[in-house]
Amino acid sequence: QVQLVESGGGLVQAGGSLKLSCSASGRINSPNDMAWYRQAPGNQREFVASISSDSFADYAGSVKGRFTISRDNAKNTVYMHMTSLKPEDTAVYYCVLTQWGGDYWGQGTQVTVSS
């Protein structure tokens, strides 16, 4: 099994920044992809960003240029630096690890952006 623990969420004003972290532990295989998804109230869960073991990153169009995903393979940790935050970025953010054997999800961390 794999456990994921997110941190770094909170309340921020529009235009501000936050950095999310997600630490993975347990039976972690390499290579693996790590990603962030988010879900706002009343909306479906949506892809935000992903990063491969060799640090190839991909972003949703709505966050490209504002969010930066990175990872520290030695610490099994993925980060997402979010800048120029907008009220529409308000959501629960989930960390996902994908490896041979399945996908593993964290419990989520709340990000609230006030206008």
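The values are calculated or read from the model by the stated rules, or taken from the named source; none is laboratory data. Keep in mind it's a predicted model, so treat the numbers as computed, not measured. All Cβ positions, even for glycine, are placed from backbone atoms using ideal geometry, and neighbour counts span all protein chains on display. Side chains are part of the model used for accessible areas, which takes the heavy atoms of the whole protein and leaves out ligands, DNA and RNA. Shrake-Rupley method; radii C 1.70, N 1.55, O 1.52, S 1.80 Å.
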| message | In the chain, if the dipole is taken from +1 on Lys/Arg beta carbons and -1 on Asp/Glu beta carbons about the Cα centre, which of GLN13, PHE67, ALA40 is farthest to the positive end? | response | GLN13
| query | For the chain, what is the accessible area per residue in Å², given a 1.4 Å probe and the full set of protein chains? | reply | 54 Å²
| query | Are there chymotrypsin sites (Phe, Trp or Tyr not before Pro) in region 30-63 that DSSP marks as loop and that have at most 10 other Cβ atoms within 10 Å, and which are they? | reply | PHE56
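Tell me, what % of the accessible area of the chain is carbon and sulfur with a 1.4 angstrom probe?
Values: 2910 of 6160 Å².
Taking all protein chains in place, the chain shows 47 percent carbon and sulfur surface.
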| request: Would you kindly calculate the translational diffusion coefficient of region 24-64, applying Stokes-Einstein with the Kirkwood radius from alpha carbon pairs, for 10 °C and a viscosity of 1.306 mPa s, and quote it in µm² s⁻¹ without decimals? | output: 136 µm²/s
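Return the FRET efficiency for the residue pair SER52, LYS86: r is the Cβ-Cβ distance, R0 is 22 Å, and the value is rounded to the nearest 0.05. Working shown, then result.
Details: r = 27 Å, r/R0 = 1.23.
After rounding, the FRET efficiency stands at 0.20.
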| the chain: radius of gyration and largest Cα-Cα distance (Dmax), Å | 13.4, 42
| Label-point separation in nm, GLN3 to TRP105, each point 7 Å along Cα→Cβ | 1.9 nm
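If you place +1 on the Cβ of every Lys and Arg, -1 on the Cβ of every Asp and Glu, and leave all else neutral, what size is the dipole of the chain about its Cα centre, to the nearest 20 Debye?
Using only the charged Cβ atoms, the result is roughly 160 debye.
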